[in-house]
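First up is the structure itself, then whatever we jot down about it.
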Amino acid sequence: MTAFEKKAAFSRRSFLRTGALAGGAAAGSVLAAPAVLAQAPLVMKMQTSWPASDIWMDFAREYVTRVEEMSGGRLKVDLLPAGAVVGAFQVMDAVHDGVIDASHSVSAYWYGKSKAASFFGTGPVFGGSATTMLGWFYQGGGQDLYRELTQDILGMNIVGFYGFPMPAQPFGWFKTEVNGVADIQGFKYRTVGLAADLLQAMGMSVAQLPGGEIVPAMERGVIDAFEFNNPSSDMRFGAQDVAKNYYLSSYHQASESFEYVFNRDFYEDLEPDLQAILKYAVEAASTSNTALALRQYSADLATLAAENGVAVHRTPKDILSGQLEAWDKLIVDLETDEFFKKVLDSQRAWVEQVSYYELMNAADLGLAYEHHFPGKLKL
């Protein structure tokens, strides 16, 4: 028995996976076949927070492909959609409890445990993009703060990584045009995480719903406006059938990334090379997800406009300015918590340094686009 097998024997989860093989190997020693049995893969049960038809399941499959190929078949991933084992918002608890081994989700979905969850996905916008904030997680101290929150403060038996810096989320879908903050007063609106606090402060009535429940809620009148994330996901669940005005650009959720969470016992029981594969496949999938998103999001946005009668707008500056002012007030309240303030101070310092370089150095891509494709942008 290897050192790994001795360690794994103490884990209930590993025992369930390896116990049958161990028994078979003992019996099979007479038949001289244990080498064949040793090749049986370890199966990792991973549930997402996405409906089976969502493009984000395609993104999760890109991760699965990389894990399985890099492990040479030693790891197999049983990838499941939202609801297969638990609800979309319950995956963090399910991983902690060992009901599933891993999840593919976003941190705003466990916002009910701590508002700080949103700092790692949909927090205040200080001027950094999703790429900026993913950089903060890996190079600016975010990963240590995430471990402190999940393991030390909340006592969660998990290990987590982040990947795929998402394009800023649209303000969303409305039945009528909205031209300023006054036009959104009293709207029943779907969003999640700290964005709920933000938009309530701007006069909206907010419901936090999983993606699969949005269109039925619109049809029943439970909500009358909503955002989810991107043109492809929105089109796949039928957003264009319940609203025709689509507003791009917003500060309510401008820097989200996918959250990959693993049960800590499961993860630490793995041999080091398999741990590394699960960890670094997040980075590999982040690159492939970005490429797929650029291709499909842009194609589906064009389809929504050309074939579904959707009016694509840029969110009015009055609403964007109102969001920033609402963030200012919300931050003051959040910083009364010592840990919250520590995270926000870390993010501010990172953005002040990094985004100065990014913004000063960035080419004016709008100017170049207008030069080559005049009259299209209408900013």
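The values are calculated or read from the model by the stated rules, or taken from the named source; none is laboratory data. The shown structure was predicted, so the numbers you read here are calculated from the model rather than taken from an experiment. Glycine gets a Cβ as well: all are built from the backbone with ideal geometry, and neighbour counts include every protein chain shown. Quick note on the areas: whole protein, heavy atoms, side chains included, nothing else; ligands and nucleic acids left out. Shrake-Rupley method; radii C 1.70, N 1.55, O 1.52, S 1.80 Å.
What the table below lists for this structure:
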{"read-out": "Those residues of the stretch 102-159 which are hydrophobic (A, V, I, L, M, F, W, C) and assigned to a loop (DSSP other than H, G, I, E, B), in sequence order", "value": "V106, V125, F126, L154, M156"}
{"read-out": "Condition met for N179 (assigned to a loop (DSSP other than H, G, I, E, B), closer than 29 Å to G142 by Cα and touching a Pro at 6+ places or on another chain (Cβ under 9 Å))", "value": "no"}
{"read-out": "Test for V261: is it at pLDDT below 95, under 30 Å from L79 (Cα atoms) and either assigned to a loop (DSSP other than H, G, I, E, B) or among the β-branched types (V, I, T) (or both)", "value": "no"}
{"read-out": "Matching residues in the stretch 337-379 - criterion: being part of a helix (DSSP H, G or I), of a type in the set (D, E, K, R) and surrounded by 10 or more Cβ atoms within 10 Å (Cβ to Cβ)", "value": "K341, K342, D345, R348, E352, E358, E370"}
{"read-out": "Cβ-Cβ under 6 Å pairs, at least 6 apart or on other chains, the stretch 355-368 side among the small types (G, A, S), far side surrounded by 10 or more Cβ atoms within 10 Å (Cβ to Cβ)", "value": "S355/G127; S355/G128; S355/T132"}
{"read-out": "Qualifying positions in the stretch 307-336 - touching a Ser or Thr at 6+ places or on another chain (Cβ under 8 Å), of a type in the set (S, T, N, Q) and either open to solvent by 60 Å² or more (accessible area, probe 1.4 Å) or assigned to a helix (DSSP H, G or I) (or both)", "value": "Q323"}
{"read-out": "Among residues of the stretch 81-106, those that are within 21 Å of D265 (Cβ to Cβ), open to solvent by 30 Å² or more (accessible area, probe 1.4 Å) and of a type in the set (A, V, I, L, M), counted", "value": "3"}
